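The values are calculated or read from the model by the stated rules, or taken from the named source; none is laboratory data. Here the structure is a predicted model, which is why all the values come from computation and not from measurement. Ideal geometry is used to build each Cβ from the backbone, glycine not excepted, and the neighbour counts take in all protein chains shown. The area values use the complete protein model at the heavy-atom level, side chains included, leaving out ligands, DNA and RNA. Shrake-Rupley method; radii C 1.70, N 1.55, O 1.52, S 1.80 Å.
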Amino acid sequence: MAAKLMQAIWYEAYGGGPSGLKHVEVPVPVPKNDEVRLKVEAASLNPVDWKMQKGMLRPFFPWKFPYIPATDVAGEVVAVGSRVKNFKPGDKVVTVLGHASGGGLAEFVVSKEKMTVIRPPEVSAAEGAGLPVAGLTAHQALTQSAGVNLEGSGPQKNILITAASGGVGLYAVQLAKLGNTHVTATCGARNIELVKSLGADEVLDYKTPDGAALRSPSGKKYDAVIHCATGISWSTFEPNLSATGKVIDITPGPGAMLTFAVKKLTFSKKQLVPLLMIPKGENLAYLVNLVKEGKLKTIIDSKHPLSKAEDAWAKSIDGHATGKIIVEL
Ligand SMILES: NC(=O)c1ccc[n+]([C@@H]2O[C@H](COP(=O)([O-])OP(=O)(O)OC[C@H]3O[C@@H](n4cnc5c(N)ncnc54)[C@H](OP(=O)(O)O)[C@@H]3O)[C@@H](O)[C@H]2O)c1
C-alpha cells in the first residue's frame, strides 16, 4: 500500500535563506517504539533553525539533506509506538524534537515520548509551541547557571537580561521574577513598556549610551547576566558585575570562549559561562504548567500559515521579533 503523504517544508542544501525552503509532499513519518506521532497544530521558530540552514552548525547539523526544520511543536497525538505508556490518540501535547531529526514544519511529526508533555486546554497550541527551546533555555540559564530558585527562596540576586524582548528574553524576565530577584533588562525603545509589564524592575533602551553601557539606573551590580543579545564585549560587562558576577552567554562565539578559558585559568571570581541548552521533558512540563496557571506568558510576535513559512523564516533572520514567531497548520 502506498504511504500516506503530508505537506512539509524542507531545504536541500546549506544557504538560500527563505527561498531555499521548498514546499513538498512526503510520506507521513512512522513512530518508533518509544515515539508518538502528532498532527502538528503549531510550530515555533528559533534563530538556530536558520543558523543551521546557513551552515553555522556544520558538520553536526543538519548532517543530511533534505532537512525539515523546526524543533518546537504543539499538536495532537494520532499514533503511539508499542512501548509508549503515557499518551494515547487524542491527547494534546507540546514536544521538543532533536536538531538532528528536525521535522516541525510539516503536517505530522514523530517525537520521543520522554520529550513530550500534556498540554492542558488553558494553553493554546501557539502558546505551547513557543515554549520548548526559548523557554527551556531561559529556565536552564536562570536555575542551573545563575542559581535562581524559582520558588522565591534564597537571598536576592540582581539579574541583567539582555535582548529581553526576544524569544528567550521574554521568558527569562518572567521566570526570573518568580525567584527573589531584581531584574534589569535591555531592549529597544518600542518594547520597554511590554518588558516592564512582564515584571522587569528597570529597563534600558539598548540604543542609548546608558543602555549600551548596561548601566543599572539604580546602581545595581549584577550577580548574573542572562545574555540573550550578541556582540557585547567582556569589557562592557565587567564593570557592571558584582564581585562574583557571571555572564551566562547563550550565543558564545570564539571571543566568548576565549574569555571563558582565560577567566577559568586565572581563577577569576567574575566568570563567563557558555550555555548550551539540554532539553528535559520535566522542565518542559513545568513551563507548560506555569502557562496554565497564568504565571508565564508566551508573547507572540506573529503567526504565519505553513503555506507562507518563508515569511516566518525571513522574520526570524531579520532579528527583530518581539517574542515568538509561530507557524500554524
Ligand atoms: N545556547 C542555546 O542553547 C540557545 C538557545 C536558544 C537561543 N540561543 C541564541 O540566543 C539568541 C537569542 O535568541 P532569541 O530566540 O531570543 O532571539 P530573537 O527572538 O530573534 O531576539 C530578537 C530580539 O532581540 C532584540 N535585540 C537584538 N539585539 C539586541 C541588543 N543588542 N540589545 C537588546 N536587545 C536586542 C531585538 O530587539 P530590537 O528589534 O528592538 O532590535 C529583538 O526583540 C540567539 O542568538 C539564539 O541563537 C541559544
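Given the structure, is ALA70 open to solvent by less than 30 Å² (accessible area, probe 1.4 Å), of a type in the set (Gly, Ala, Ser), assigned to a loop (DSSP other than H, G, I, E, B) and within 16 Å of the ligand (Cβ to nearest atom)?
yes
Which of the residues that make up the range 256-277 are of a type in the set (Gly, Ala, Ser) and within 14 Å of the ligand (Cβ to nearest atom)?
ALA256
I want to confirm something. Restricting to the range 137-163 and keeping residues that are in a loop (DSSP other than H, G, I, E, B) and over 17 Å from ASP223 (Cβ atoms), which single residue is farthest from the ligand (Cβ to nearest atom)?
Here the answer is GLU151.
Tell me the residue from ALA213, ALA243 that is within 13 Å of the ligand (Cβ to nearest atom) and surrounded by fewer than 20 Cβ atoms within 10 Å (Cβ to Cβ), please.
On inspection, the qualifying residue turns out to be ALA213.
Since LEU194 meets every condition but one in (1) within 16 Å of the ligand (Cβ to nearest atom); (2) over 13 Å from the mean Cα position of the chain (by Cα); (3) over 21 Å from LYS303 (Cβ atoms), which condition does it not meet?
The number of the failed condition is (3).
Being modelled with pLDDT of 95 or more, within 16 Å of the ligand (Cβ to nearest atom) and open to solvent by less than 10 Å² (accessible area, probe 1.4 Å) narrows it down to one residue among VAL109, VAL133, VAL173; which is it?
VAL173
Condition first: of a type in the set (Val, Ile, Thr) and open to solvent by 10 Å² or more (accessible area, probe 1.4 Å). Now tell me which residues in the range 297-329 satisfy that.
Result: THR298, ILE299, ILE300, ILE317, THR322.
Does SER165 count as hydroxyl-bearing (Ser, Thr, Tyr) and either closer than 30 Å to GLU12 by Cβ or in contact with a Pro (Cβ under 7 Å, 6 or more places away or on another chain) (or both)?
So SER165 does not fit the description; no.
Quick check, is LYS292 in contact (Cβ under 8 Å) with a residue 40 or more places away in the chain, open to solvent by 70 Å² or more (accessible area, probe 1.4 Å) and among the basic types (Lys, Arg)?
So LYS292 fits the description; yes.
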